[in-house]
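Take a look at the structure below.
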Amino acid sequence: MQNAHFNEISNLYFFDSQIKSAFLDAILVAENHIKYIVAYKFAEKYCNEKYSFLNSNNYNQNNILFVGSVISNFSKIIRDNTKPNSNDNPIKHYKDKYGDVPIWVIIEYLDFGGLLYFVRNLEESLINDICQVLLSFLSQFIRIYNQFTPKMLISFMDNIRQVRNVCAHDSKLLDFKTKQNLVFYKDIHTPSGIKVTDKRTSVYDIYIILKCFLSEVEYKKLFNTILKRIKYLDNKLDSISINVILNSLGFPEDWHLSMVSQKQ
């Protein structure tokens with residue numbers, strides 16, 4: 001930022017911090033929704049089996065090498081939380097009292113990366129069931145014509161995970177790009193003016209797909225926060241255009257102006 005004064009730089013750092021906070025809050029809510037849905041569908045499918053998440057037969061048999069890592073991670077979580085000197089916790093309670101730990105208890109101990117790894121290695125039919133439940137979020141915003149596939153879900157979760165890590169570790173969100181393109185989903189990308197030939201690695205791309213994991217009220221909170229912060233920063237910049245900042249996040253030019261009169 002040539003010729004930028006201190007207040008501009010200060011406001012830009014504040015903007016980056018506030019945008020990260022808004023995205024992290026939204027992603028944590030989305031993560032909880034995903035955990036609830038995954039646990040519900042997994043428990044429904046394997047309802048009569050103790051420690052069903054430790055049974056390799058309950059996973060995609062084509063990924064058997066990776067399945068071992070998933071089971072090993074769950075086993076470690078149980079060991080770490082049931083040591084003789086460990087404090088009381090839900091895992092210890094269920095193991096001691098019922099000789100079992102339900103999936104909806106242990107899934108809370110997975111970070112987003114662990115959750116993604118768990119979902120990625122489930123049977124495809126089960127992931128399809130999870131996708132169908134998630135469509136209830138997206139249907140609040142748009143009319144659904146095409147299937148939301150396991151490939152899309154894994155792609156979306158993986159890219160969200162990358163943005164989550166940036167926000168959680170307080171790295172710079174401006175100019176951040178995910179490592180791979182999001183899988184194209186016509187129902188959500190086309191209405192947002194995103195074509196199959198476009199790059200889909202920006203923060204804006206994550207903003208768009210969060211509709212798949214948030215309620216209308218939760219998404220509107222994210223939208224309002226981003227809009228407010230962009231408008232505020234626009235009034236504080238002199239040496240560069242706000243569109244330079246919008247572009248660094250992948251947002252369309254003058255997004256904040258076009259969005260003011262629109263309801264989300």
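What angle, in degrees between 0 and 90 and rounded to the nearest 10, separates the Cα long axis of helix 64-81 from the longest principal axis of the Cα atoms of the chain? Compared with the principal axis, the helix lies near 80 degrees. The calculated pair-distance distribution of the chain uses every alpha carbon pair, bins of 10 angstrom beginning at 0, and gives 6, 27, 30, 20, 11, 4, 0 percent.
Computed from Cα positions, the angle between helix 6-45 and the longest principal axis of the chain comes to roughly 30 degrees.
Using a probe of 1.4 angstrom and keeping all protein chains present, the accessible surface of the range 158-264 works out to 50 square angstrom per residue.
What is the range 72-185 by shape, rounded, prolate or oblate, if you read a ≥ b ≥ c off the alpha carbon gyration tensor as root eigenvalues and call it rounded for a/c under 1.5, prolate for a/b larger than b/c, and oblate otherwise? Could the numbers behind the result be given before it?
On the way: a/c = 2.66, a/b = 1.55, b/c = 1.72.
Since a/c reaches 1.5 but b/c is at least a/b, the shape of the range 72-185 is classed as oblate.
With the cut-off at 1.5 for a/c, could you classify the range 1-152 from its C-alpha gyration tensor as rounded, prolate or oblate? In terms of gyration-tensor shape, oblate. Ligands, DNA and RNA are left out, and with a 1.4 angstrom probe the accessible area of the range 1-146 is 54 Å² per residue.
Once you reduce the range 121-138 and the range 175-250 to the center of their Cα atoms, the two points are 24 Å from each other. Remark: accessible surface ordering of HIS5, HIS256 (largest first) is HIS5, HIS256, probe radius 1.4 Å.
Across the range 139-194, the volume of the C-alpha convex hull divided among the residues equals 106 Å³ per residue.
Sparse packing (at most 11 other Cβ atoms within 10 Å of the Cβ) combined with a DSSP loop state is found for the following chymotrypsin sites (Phe, Trp or Tyr not before Pro) in the range 49-153: TYR145.
The charge dipole of the chain, taken about its Cα centre with unit charges on the Cβ atoms of Lys, Arg (+1), Asp and Glu (-1) only, comes to about 160 debye.
Carbon-plus-sulfur fraction of the accessible area of the chain, 1.4 Å probe, in percent? Present the calculation step by step, with values, prior to reporting the outcome.
Working: 6740 of 13610 Å².
Carbon and sulfur atoms account for 50 percent of the accessible area of the chain.
The values are calculated or read from the model by the stated rules, or taken from the named source; none is laboratory data. Being a predicted model, the structure only gives us computed values, none of them experimental. We place every Cβ from the backbone using ideal geometry, glycine too, and count neighbours over all the protein chains shown. These accessible areas exclude ligands, DNA and RNA; they are computed on the full protein's heavy atoms, side chains included. Shrake-Rupley method; radii C 1.70, N 1.55, O 1.52, S 1.80 Å.
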